[in-house]
Structures are given as structure tokens and as C-alpha cells.
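Data block below; observations after.
A short reminder: the numbers here are calculations on the coordinates, not readings from a lab. Keep in mind the model is a prediction, meaning the values are calculated, not measured. Here Cβ is always computed from backbone atoms with ideal geometry, including for glycine, and neighbour counts include all displayed protein chains.
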Amino acid sequence: MENIIYRHIKIAGIDYLVMRSDRGYCYIGNDDDLTTDTYFNRFKNVTFVASNTDDDFKEFIKTFTDYHNGLNPQFDFPMDFIGTPFQIKVWKHLMTIPYGKTESYQEVAEGIGQPTATRACAHAISQNPLMIVAPCHRVLGKDRKLRGFRGGLGMKEKLLLHEGITDFKP
């Protein structure tokens, strides 16, 4: 049985829930993330182990501190995307959207080579387990409107503004 260690870590006033498997970070969420409780249920045959030390998450702490301090850090710590092959393809595409830029859901579908899969991409994006690392907050509606974000639309707007993105509609 695999262990997944987790810890609540506060950075820039945001209380993140961070999880890591032996292969890498597998979940990053926040207080407003309504799926946090149910996310524990997505893992099969694992034991959750609460960490009582920041040492277990030092790459996360450094990188997210840099991000919240206005730097554009590389999220190069190990990641363990747990999902379907389609979801993982979408999540990895999100990581190609540059800091300070956005794409529409349609552009994400086109970016993975499946231009008719806009709704499927939107659903995969809603299941993104690595908030900010796979920057689903950078995906807007075709009309530039904010759409769903599991961390809450307030946080999505805050992250976009933090990155200098202002040409969206609330």
C-alpha cells in the first residue's frame, strides 16, 4: 500500500493542502477548494500520512513563495499526475501556457490536437489536481469570461491579476 503524505501550508495568506506520493506532488488545493474532502476518496489503496514538518514539502514552499513574491518560478519539482490519459494530456498542456498569458477552453482542445473536445477539456481542467502548477486559472471562456475554478472564482481572479492579466470579464 502506497503512502501519500499531506500537510496544510500557509503561503501569502493562502492555506494550501499539499499531497505528495513517492513519485511526486499529486495534489495542491486551497481552503476554498470544495473538492478537498472528496479528493481523499479519489485515491485507491493508499494510506494518508499527515506530515508535521515543512521539510517534506520544501520544493513546494520555495517555489510557491517565489510565485507569490512576483517571480515566475519553474515548477520543476517531481509531479505525480493521477488521472486518465486524456486528463493527464490536458493537464500537461496547461503547463505550456506561459505566465501572464491565457488560453480559451477551445484553444486548449486545439492544443492537444482534439479541437472538438472542448467540453471534455473543460471537464478535465475542472479535475486538475495541481492548482497553479498546471495553471488552470489561465483558461478563460472564449468571451474572456471567468469560468469555474475549484479554488473559487475569487482566487482565479486574484491569480490572474497577480500575473498581470487584466483583459478578462468577471
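Write out the GluC sites (Glu not before Pro) in the stretch 73-170 meeting two conditions: DSSP loop, and at most 14 other Cβ atoms within 10 Å of their Cβ.
In loop regions of the stretch 73-170 (DSSP not H, G, I, E or B), there are no sparsely surrounded GluC sites (Glu not before Pro).
What do you get for chymotrypsin sites (Phe, Trp or Tyr not before Pro) in the stretch 78-120 restricted to DSSP loop and a cutoff of at most 15 other Cβ within 10 Å of the site's Cβ?
Taking the stretch 78-120 and a limit of 15 other Cβ atoms within 10 Å, the loop chymotrypsin sites (Phe, Trp or Tyr not before Pro) found are TYR99.
Which FRET efficiency value, to the nearest 0.05, is calculated for LYS10 and LEU161 with the Förster distance at 22 angstrom and r the Cβ-Cβ distance?
Taking R0 as 22 Å, the efficiency between LYS10 and LEU161 is 0.60.
Pull up the cross-link candidates among the lysines for LYS169, meaning alpha carbon to alpha carbon under 17 Å and not fewer than 8 places away within one chain.
Correct list for LYS169: LYS101, LYS142, LYS145, LYS156, LYS158.
Between ILE4 and residues 5 or more places away or on another chain, which pairs have amide H atoms under 5 Å apart, with H built 1.01 Å from N, and which residues are they?
Amide H neighbours of ILE4: THR47, PHE48, VAL49.
By how many nm would the segment from ARG144 to ARG42 grow when fully extended, if each residue of separation counts as 0.36 nm and the alpha-carbon distance is taken off?
Once the chain is fully extended between ARG144 and ARG42, it gains 33.6 nm.
Could you derive backbone 3J(HN,Hα) for the stretch 77-90 from the dihedral phi with the Karplus parameters 6.51, -1.76 and 1.60 (θ = phi - 60°), listing whole Hz in sequence and x where the residue is Gly or Pro?
Once rounded to whole Hz, the list reads 6, x, 10, 10, 6, 10, x, 6, x, 5, 4, 4, 4, 5.
Could you sort the peptides 21-28, 126-133 by per-residue average Cβ neighbour count (10 Å cutoff), highest mean leading?
126-133, 21-28
Taking 2.2 N^0.38 Å as the expected size of a compact globular protein, what ratio does the Cα radius of gyration of the chain give against it, to two decimals?
It is 1.00.
Place a point 7 Å from Cα of ARG23 in the direction of its Cβ. Which residues in the stretch 89-115 have their backbone N less than 14 Å from it?
Under cut-off, by backbone N: 89, 92.
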